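J.: The structure under discussion is supplied below as structure tokens; questions concerning it will follow.
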Amino acid sequence: MTSTHRINSELITRRPGKGRHPRTGNRHKLSQCPATGLPRYRDRHQARDGARALARGTHQFEVHTFACPSCGGFHLEKTYLREPIDPPSIADPVEPFTSSLPSRKRRYFLVDIENPTRGAKATPEQVATFWAILKQQAPGIAPHDHVVVGAARSVVRKYRVAIDGPNVRWVTAANSPGAADRALLAAIDLYRVALNYDELVIVSGDHAFTDLARQAKTRGLTVHVITVQQPGQSSMLSRELADVADTHTVVRHHSRTLTRDNIAAILRVANATDRTHFEAA
């Protein structure tokens, strides 16, 4: 059994001694990434050891690992914990919708949060409202569902307080184009997902997830794509991903109250049959 802890740019691995012999330790000098200036871990496993050591004994922050396209290694990102944002009041979900959650299909959510926010242009409060809509209306998140949210380092710092929950996991990526997509794709084990879930929900319209959607369907999963339409703009959804999806939900953002048409759409999503549209205040 080994335990590790990180001091500055060094990783020390300690092994328990035998009998009278004291514990021994191996000191590993970590190189420095020329692009970020951060200590470079050679692979994800070593980075996770460093992350666990850095976070041990504290509840003030979380430590995430992320792959660096510049040096080819992995780095650590420290995120200080803050109280989650309480989203503005939105319409309560109707009773048939909430009562159906325990018996509904198990869903695995993959959230590319930079896509529905148009490159992280939304405020944390707007993202908190969007998250509330996903949980309570479109399509609804049950306790047996699992959610993985991916974003670049700077976006994680911005939105971490807006998306929270016991079944939510964040994946941190480098601050470079396409890094969040690659991190999300690397984080999913489609074989295990197909064993434990019925539907893959992709909260993104990016074509980068098209091949994943196709593979999910070959393993027996249905694919549900969720995109956002901002006022005066079209929904960001690639034609390739739209062709693969079994269901496409559009969350429309503009100022108006929930109408009877929206409630009817919510009921249809509860039965997972139609393409639906939701209005977010």
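The values are calculated or read from the model by the stated rules, or taken from the named source; none is laboratory data. As the structure is a computational prediction, the values presented were derived from the model and not from experiment. Heads up, the Cβs are rebuilt from the backbone with ideal geometry, glycines too, and the neighbour counts pull from every protein chain shown.
J.: Which of the residues spanning segment 9-57 are modelled with pLDDT under 80, surrounded by 12 or more Cβ atoms within 10 Å (Cβ to Cβ) and in a strand (DSSP E or B)?
T.: Glu10, Leu11, Ile12, Thr13, Arg14, Arg15, Gly25, His28
J.: Still on this model: Would it be correct to say that Thr65 is among the hydroxyl-bearing types (Ser, Thr, Tyr), assigned to a strand (DSSP E or B), outside the structural domain of Thr247 (by TED's automatic domain parsing) and at pLDDT below 65?
T.: In short, no.
J.: Further, regarding this structure: Could you grab me the full set of residues in segment 219-240 that are within 15 Å of Glu199 (Cβ to Cβ) and not polar (S, T, N, Q)?
T.: Initially, segment 219-240 is screened for residues within 15 Å of Glu199 (Cβ to Cβ), giving 219-226.
Within segment 219-240, Arg219, Gly220, Leu221, Val223, His224, Val225, Ile226 qualify.
Listed here are the residues, each with its yes/no results for (1) out of contact with any Gly (no Cβ under 7 Å at 6 or more places or on another chain); (2) over 24 Å from Gln233 (Cβ atoms); (3) among the hydroxyl-bearing types (Ser, Thr, Tyr).
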{"residue": "Leu110", "(1), (2), (3)": "yes, no, no"}
{"residue": "Gly119", "(1), (2), (3)": "yes, no, no"}
{"residue": "Ala138", "(1), (2), (3)": "yes, no, no"}
{"residue": "Val156", "(1), (2), (3)": "yes, yes, no"}
{"residue": "Val171", "(1), (2), (3)": "no, yes, no"}
{"residue": "His207", "(1), (2), (3)": "yes, no, no"}
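J.: Also: Just for segment 122-132: of the residues that are part of a helix (DSSP H, G or I) and aliphatic (A, V, I, L, M), which one is nearest to Ala174 (Cα to Cα)?
T.: Within segment 122-132, the subset part of a helix (DSSP H, G or I) is 124-132.
If we keep only those that are aliphatic (A, V, I, L, M) too, we end up with 127-128, 132.
Values: Val127: 21, Ala128: 23, Ala132: 27 Å.
Within segment 122-132, the match that is nearest to Ala174 (Cα to Cα) is Val127.
J.: Suppose we keep only residues that are touching a residue at least 40 places away in the same chain (Cβ under 8 Å) and part of a helix (DSSP H, G or I) within segment 133-157. Which one would you say is farthest from Leu184 (Cα to Cα)?
T.: Of everything passing the filter in segment 133-157, Gln136 is farthest from Leu184 (Cα to Cα).
One line per residue, one yes/no per condition, for (1) assigned to a strand (DSSP E or B); (2) among the small types (Gly, Ala, Ser):
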| site | (1), (2) |
| --- | --- |
| Tyr191 | no, no |
| Leu195 | no, no |
| Ile202 | yes, no |
| Gly205 | no, yes |
| Asp211 | no, no |
| Arg214 | no, no |
| Lys217 | no, no |
| Gly220 | no, yes |
| Val225 | yes, no |
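J.: Now for a different question. State which residue is farthest from the chain's Cα centre (by Cα) when the search covers only segment 158-182 and only residues that are farther than 19 Å from Ile226 by Cβ and in contact (Cβ under 8 Å) with a residue 60 or more places away in the chain.
T.: Once the filter is applied, the top-ranked residue is Ser176.
J.: Considering only residues that are farther than 15 Å from Val111 by Cα and surrounded by fewer than 17 Cβ atoms within 10 Å (Cβ to Cβ), which ones fall in segment 191-214?
T.: If the condition is that a residue be farther than 15 Å from Val111 by Cα and surrounded by fewer than 17 Cβ atoms within 10 Å (Cβ to Cβ), then Tyr191, Arg192, Leu195, Asn196, Asp198, Asp211, Arg214 are the ones that fit.
J.: Being in a helix (DSSP H, G or I), farther than 21 Å from Ala180 by Cβ and over 17 Å from the mean Cα position of the chain (by Cα), is that true of even one residue in segment 104-121? It would help to see each step written out before you state the result.
T.: Here is the first cut: in segment 104-121, the ones in a helix (DSSP H, G or I) are none.
No, segment 104-121 has no match at all.
J.: Please indicate, with yes or no, whether at least one residue in segment 226-240 is surrounded by fewer than 18 Cβ atoms within 10 Å (Cβ to Cβ) and either at pLDDT 95 or above or of a type in the set (Asp, Glu) (or both).
T.: For segment 226-240, residues surrounded by fewer than 18 Cβ atoms within 10 Å (Cβ to Cβ) and either at pLDDT 95 or above or of a type in the set (Asp, Glu) (or both): present.
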